[in-house]
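**Student:** Sharing a structure below in structure tokens format, with a few things to ask.
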Amino acid sequence: MSLALERRVFPGQEPRAWRRIALKLSVPAGVALIGAFWGFVVAVADLNALYLAASLIGCIFVLRDFRIGVVLLILLMPISSTSIFPRTMLGITGLSPVSLLLAGTLGSYVLHALFDGSLRRFMPRPLFWLYLVPILIGGAMGAAHVGDIAPVLLMDKKLSVKPESTYISSQIIYPLLMVVFALLVGAAVSRSEKLEKFLIPTFIAVWVSGLMVIGFVFLSGIGLGELASSTSREFLSALGLHANEWGRIYAFAYALLLFTWAQSKGSGLRIALLASIAWVVVALILTFSRGSFLGFIVVNVLFLLWRRDAKTLILFGLLAAVALFALPEAVYDRVTTGFGGSSESEFEGGPDAISAGRINYIWLPLLPEVLRSPIYGHGLGSIMWSEAMRRGAGVSIAAVGHPHNAYLALLLDLGIPGLIVVCAYFVHVWKGFRALSVDPALSPSLRGFYLGAAAGLASLLISYITDSSLLPRPEQVFLWVAIGMMYGQRNRTPAGPGP
């Protein structure tokens, strides 16, 4: 129907008004459909019905405003990979309450974006070309090698190696859900007036994630000495994430809290942030992750370098003195492992004890794999079908599912160009955080938040020398919240009521 004909048939009404009416009518229609589906779910889902019902109820509100879903996702994403949530519902592996909420929020956003034309701004070009394209290329390459995975990895249930049929989902789809989450955060920020409101669910999520480890350790009754032992590194894995992953979550959260606290003005907010800092530091200590301790130190060093005032130096000097005196002996034992301190490591000392065997049992055996294909790599997760793993797992190389070095992993998977391109993306993110941290148009709290994100990113990149991955992982959840807010800040548009 042409514009002129619409005006003759519906005098006094613009087509855009009818689009708004159609959009409003779609909400009760969607509610009715979800209600019918809910009845089916409760009938067949058994124990998972409660999770599904809660997710679907959330989706009802999300249909009205996708920003509600974004707030819920910010609250839930930090614990979405824990044992709290089921991994399979309705017989569908990978279907969880959070993934269902994510899908509903994305669908609601697309529905709204189709009407206002904002969909074209959803995907930033640097994110697509420097980050997503290399991941998709590496995933396509790796899919051709799934049948070559070393048998020892498939037999060892302790390793997070997925069966061949789920390679695409575990190596590509699930990690990229974190990116979709960040893009939705950005879309919500771009439509909101008071961006400080997004800090509230973020800091609540910090408290919830801290409670996971603090509560678990408290209820278990385990002693700090035992928890710090190198033989107890898998203790926190019962929660769904390794102790090193929990530690990196807390190190980044600490950076956000510290810098936001330093630049905030209200006394009530500063007290709340100070309590949050203490909470997350306790949780970080309980992980006994040496890499995360290093990240924590990096954040504090950057704080001192970027502040550069006598008051801050004196305050931090006093706090450091008190902390060094109050820290339990178990922390010192853990930090000095391999340096002549604690001798609990299975390695006899020197570089192997310091690196927990990474140098001689992982990194050196994998170097020839890099030389075999330095230009385009071997595909995502290539350590699993590397010659070193297939021929000498458990003898010349440890039977592990990743190289315990994010940069070596990227070299193996995507080659030298892939490593350069992905690192270029994080340089882009770093510059974005730094630019917003000095933007006079932002409130002091937001400027502090973005400066903390820059410090947290630096701490992650340094800690990744001994573990993890530069590709999306659950431990990066607060980083991707900050990235989403950064992109949303750049795409600000007039908005209705904020979430």
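None of the figures in this text is laboratory data; all of them are computed from the coordinates on show. This is a predicted model, so every value here is computed, not measured.
**Student:** Taking H placed 1.01 Å from N in the peptide plane, check which residues at least 5 places from SER443 or on another chain put their amide H under 5 Å from its amide H.
**Tutor:** Distant-sequence amide H within range of SER443: zero hits.
**Student:** Based on the alpha-carbon gyration tensor of the range 415-455 and its eigenvalue square roots a ≥ b ≥ c, which shape applies: rounded if a/c is under 1.5, prolate if not and a/b is larger than b/c, or oblate? Each step should come with its number before you reach the end.
**Tutor:** Numbers: a/c = 6.06, a/b = 3.33, b/c = 1.82.
Taking the square roots of the gyration eigenvalues as a ≥ b ≥ c, the range 415-455 is prolate.
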